[in-house]
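K.L.:
Have a look at this one.
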Amino acid sequence: MRGVFVDANEALAVIMERLERPGDPKMRINRDPDIKPEQYPEILDGAEIAIVDHTALPTEVARKCADLKHVVFLGTGARSYMNPEELAELGISVHLIKGYGDTAVAESAIALMWASARVIAMMDREMRVGNWLREDGMQLTGKTLGLIGFGGIAAEVARIATGSGMKVIAWNRSPKSYPGVTFTDLDTVLATSDVVSLHLLLNDETRGMITREKIFAMKPGVILINTARAAVVDEAAMIDALKSGHIRHAGLDVFNIEPLPGDHPLTRLPNVTLSAHSAFRTPEASENLIEAAWVHCRRIVKG
């Protein structure tokens, strides 16, 4: 059984090669992170396993990959790049990797929260063009952080936030418990949190879940952090809330269009701090990610 890492950047390619073990399935690494979906059949060249970092795999393209049986997606958000149910109908199994970057993403969410509270990016931008902008920030010690969705990443956010003196409350679709976190209903989280941080997987239930009504049910002056998926939020409503000041500041790592166009409305708002879908990008997380991908491949070969 053969595999191809179809869209490897150099850093991931090096880790993939280093973690290979004797007896592993033969793996070819395509060192081109900018492939187009229509190139899949040529790049796979009859391989049964595709390791995919970020390139969309439309169902109609998958139909042309005659021998493809397994997609190992490097992350949990495969649904943003392919339709697992449709691929399953073609006999292609999609394998996800969970937990590899929980700490990395949590630290990024915390960093965006602090940067948003103290408007660091705004002051940095202004000072670089000669403006001595001094802004009052929000002191976060003693404030309430509301987590929407509570998996491994949110647990790490809660650990860091409680250690910094914040009160942490959370809503999750299924019952959860965690030291120092009070679980409550979604309406309470929205209405009482000074900071709301989103930690939801994207699926049919969560797509568009943070509606205009939910945004304007948030506490006036709230800080909104999203390191999950952009599509869980009504983007137009979020922009309106930022313009009106109902949302004091947003720290965003995920977007409906990626890369984010330079003329996108979010780039024109001063009260937004942007990062380029990079919350998971640390050497430690990459190491965990590729090791987990190899584990999937080994398990697949063993049947």
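K.L.:
Would you check which residues across segment 150-171 are open to solvent by less than 30 Å² (accessible area, probe 1.4 Å) and either assigned to a loop (DSSP other than H, G, I, E, B) or free of Cβ contacts under 8 Å to residues at least 24 places away in the same chain (or both) and list them?
P.N.:
Scanning segment 150-171 gives F150, A158, M166.
K.L.:
In segment 261-270, how many are free of Cβ contacts under 8 Å to residues at least 24 places away in the same chain and under 17 Å from V232 (Cβ atoms)?
P.N.:
So the count comes out to 0.
K.L.:
Let me ask something else about it. Can you tell me how many residues within segment 249-287 are within 16 Å of the chain's Cα centre (by Cα) and open to solvent by 20 Å² or more (accessible area, probe 1.4 Å)?
P.N.:
Residues flagged as within 16 Å of the chain's Cα centre (by Cα) and open to solvent by 20 Å² or more (accessible area, probe 1.4 Å) within segment 249-287 amount to 15.
K.L.:
Please determine, by comparing only the residues of segment 70-96 that are out of contact with any helix residue (DSSP H, G or I) (no Cβ under 8 Å at 6 or more places or on another chain) and more than 26 Å from N256 (Cα to Cα), which one is most open to solvent (accessible area, probe 1.4 Å).
P.N.:
This residue is E89.
K.L.:
Next question. Do we find that G221 is over 30 Å from Y81 (Cα atoms) and in contact with a Leu (Cβ under 8 Å, 6 or more places away or on another chain) in this structure?
P.N.:
Working: over 30 Å from Y81 (Cα atoms): yes; in contact with a Leu (Cβ under 8 Å, 6 or more places away or on another chain): no.
Against the criterion (over 30 Å from Y81 (Cα atoms) and in contact with a Leu (Cβ under 8 Å, 6 or more places away or on another chain)), G221 does not qualify.
K.L.:
So, one more: Just name the residue that is least open to solvent (accessible area, probe 1.4 Å) out of those in segment 172-194 that are closer than 29 Å to A78 by Cβ and assigned to a strand (DSSP E or B).
P.N.:
For segment 172-194, the residue satisfying everything is V181.
K.L.:
For S197, state whether it is assigned to a helix (DSSP H, G or I), under 24 Å from the mean Cα position of the chain (by Cα), crowded, with 18+ Cβ neighbours inside 10 Å and not aliphatic (A, V, I, L, M).
P.N.:
The answer is no for S197.
K.L.:
So, in segment 74-105, exactly how many residues are farther than 22 Å from F150 by Cα and not acidic (D, E)?
P.N.:
11
K.L.:
Look through A8, A56 and report the one residue that is in contact with a Pro (Cβ under 8 Å, 6 or more places away or on another chain), open to solvent by 10 Å² or more (accessible area, probe 1.4 Å) and either free of Cβ contacts under 8 Å to residues at least 24 places away in the same chain or in the same structural domain as N288 (by the TED database) (or both).
P.N.:
Every option except A56 fails the conditions.
K.L.:
Considering each of L112, L147 in turn, give the residue that is crowded, with 18+ Cβ neighbours inside 10 Å, part of a strand (DSSP E or B) and in the same structural domain as T211 (by the TED database). Steps first, please.
P.N.:
Numbers: L112 fails: part of a strand (DSSP E or B).
None of the others qualify; the one that does is L147.
K.L.:
Separate question: Only one residue in I300, I223 is touching a His at 6+ places or on another chain (Cβ under 6 Å) and either open to solvent by 20 Å² or more (accessible area, probe 1.4 Å) or under 25 Å from V195 (Cα atoms) (or both). Which one?
P.N.:
Values: I300 fails: either open to solvent by 20 Å² or more (accessible area, probe 1.4 Å) or under 25 Å from V195 (Cα atoms) (or both).
Selected residue: I223, the only one of I300, I223 that is touching a His at 6+ places or on another chain (Cβ under 6 Å) and either open to solvent by 20 Å² or more (accessible area, probe 1.4 Å) or under 25 Å from V195 (Cα atoms) (or both).
The values are calculated or read from the model by the stated rules, or taken from the named source; none is laboratory data. These numbers were taken from a predicted model, which means no experiment stands behind them. Cβ atoms come from the backbone with ideal geometry, glycine included; neighbour counts cover every protein chain shown. Each accessible area value is taken on the protein alone, full model and side chains, heavy atoms only, with ligands, DNA and RNA left out. Shrake-Rupley method; radii C 1.70, N 1.55, O 1.52, S 1.80 Å.
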